[in-house]
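Worksheet: the structure to be examined is printed underneath.
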Amino acid sequence: METPFQLTLQKCAHLNQSPSEEFELQLRDYARQLSGGDLNALGSIYDHAGTRLLRYALFLVKDRTEADDIVQATMLKLARNPKKLVRSKHPVAYLFRILRNEAYTILYRRKPFEHCDVLPLIPARTSLQSDTWEITEAVHEALAELPAIQAEVITLHLWENLTFREVSEITNESINTVASRYRYGIEKLSKTLRAFDESGRPAWEDVAMKLQVQR
């Protein structure tokens, strides 16, 4: 059974998610059109997946200009062989892995990164109830303190709505390794955010109950 903390974290993540199955079906259909010679389909893929690709690229390289270049390189690589995406069992994971490989071409030229500074996009304060926005902001700040390998798994699993198997494909790690990184990361987040309860702001249990009703 999920804890109040996990329910709250999932609610924060769901603010940025796209329906996974519907998203993948549309992505595969655009790739099929592209493989059939419809060059306009490449633009459709960018419109469909560009925000998620840019968000992940920003997480990896922390620089907007480089992130834009990485997304463009990913699209060009896809355009050269769209049939691979069509045949892929997990098309979103396949696309993210292309992007990750492009990003690491840049990262290998830098010193290793240990913490993520750019996090998944947060909705505007005015679009959320005050308590929900405070919790969301606190989660993002705590996520920034995690080791990058744990933050990456949490970001992909919660914010990008990918399964552990898909995350495994993207990161080229075993499912057990991915699951362990997620578990340890969630445990660290939970410990970090316990202070949130003691600060006089809404307790996790109360907020989780509110969010559970809203879901």
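In table form, for the structure just shown:
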quantity: All positions within segment 90-106 that are touching a Leu at 6+ places or on another chain (Cβ under 9 Å) and either assigned to a loop (DSSP other than H, G, I, E, B) or surrounded by 16 or more Cβ atoms within 10 Å (Cβ to Cβ) (or both); calculated: His90, Pro91, Val92, Ala93, Tyr94, Leu95, Phe96, Ile98, Leu99, Arg100, Ala103, Ile106
quantity: Residue identified as at pLDDT below 70, of a type outside the set (Gly, Ala, Ser) and surrounded by 14 or more Cβ atoms within 10 Å (Cβ to Cβ) among Thr136, Thr126; calculated: Thr136
quantity: Filter result (part of a helix (DSSP H, G or I) and of a type in the set (D, E, K, R)) within segment 54-89; calculated: Arg55, Arg64, Glu66, Asp68, Asp69, Lys77, Arg80, Lys83, Lys84, Arg87
quantity: Qualifying residue in segment 161-176 (condition: modelled with pLDDT under 90 and part of a helix (DSSP H, G or I)); calculated: no
quantity: Residue match in segment 178-200 (condition: part of a strand (DSSP E or B) and modelled with pLDDT of 85 or more); calculated: no
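The values are calculated or read from the model by the stated rules, or taken from the named source; none is laboratory data. In this text, all values refer to a predicted model and were calculated from it rather than measured experimentally. No Cβ is skipped: glycine too gets one built from the backbone with ideal geometry, and neighbour counts run over all protein chains shown.
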